[in-house]
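Engineer: Take a look at the following structure, please.
The values are calculated or read from the model by the stated rules, or taken from the named source; none is laboratory data. Please read all numbers here as calculations on a predicted model, not as lab measurements. Methodologically, a virtual Cβ is constructed for each residue, glycine included, from the backbone with ideal geometry; neighbour enumeration extends over all protein chains shown. The area values use the complete protein model at the heavy-atom level, side chains included, leaving out ligands, DNA and RNA. Shrake-Rupley method; radii C 1.70, N 1.55, O 1.52, S 1.80 Å.
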Amino acid sequence: MVREKMPDDECLFDLAELFKVFGDTTRVKILFALFKAEMCVCDLATLLRMSQSAVSHQLRVLKQARLVKCRKEGKMVYYSLDDEHVKQIFDQGMAHITHR
């Protein structure tokens, strides 16, 4: 009965890959910052005390995982959460680790 309800391997692989993205503290910090405001790479780099290239690399990973999206305004690129699901995932994780 359980086998019949088990998602296929591709779906489970995608889910595992999504959770891997949350396995990096820098990416979690970027997501937390983007909960508060839309930000450009230079603002995130300043906030996190990191190089712009390091932040850009992490944003690329987050974008590939469809956790963040970007919009261009002139030469500037601004990042924000992709949708409300991202905040829900984060909030559930925080609720789990702070639950006593």
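Engineer: Which whole-number value in Å² is the accessible area per residue of the chain, probe 1.4 Å?
Structural biologist: Per residue, the chain has 76 Å² of solvent-accessible surface.
Engineer: Next question. Counting other Cβ atoms within 10 Å, which trypsin sites (Lys or Arg not before Pro) in the stretch 8-96 have at most 10 and lie in a DSSP loop?
Structural biologist: Answer in residue order: ARG49, LYS75.
Engineer: Still on this structure, I have one more. Would you please calculate the Kirkwood hydrodynamic radius of the stretch 12-100 over all C-alpha pairs and express it in Å, rounded to one decimal?
Structural biologist: It works out to 13.5 Å.
Engineer: Which of LEU31, SER53, LEU67 sits closest to the plus end of the dipole of the chain, meaning its Cα is farthest towards the positive end, when Lys and Arg get +1 and Asp and Glu get -1 on the C-beta?
Structural biologist: Farthest towards the positive pole: SER53.
Engineer: Enumerate the lysines that LYS29 could reach by cross-link, defined here as Cα to Cα under 26 Å, with residues fewer than 8 away along the same chain left out.
Structural biologist: The reachable lysines, counting only those whose Cα sits under 26 Å from LYS29, are LYS20, LYS63, LYS69, LYS72, LYS75, LYS87.
Engineer: Report, to the nearest whole %, how much of the accessible area of the stretch 27-83 belongs to carbon and sulfur atoms, 1.4 Å probe, protein only.
Structural biologist: The computed percentage sits at 50.
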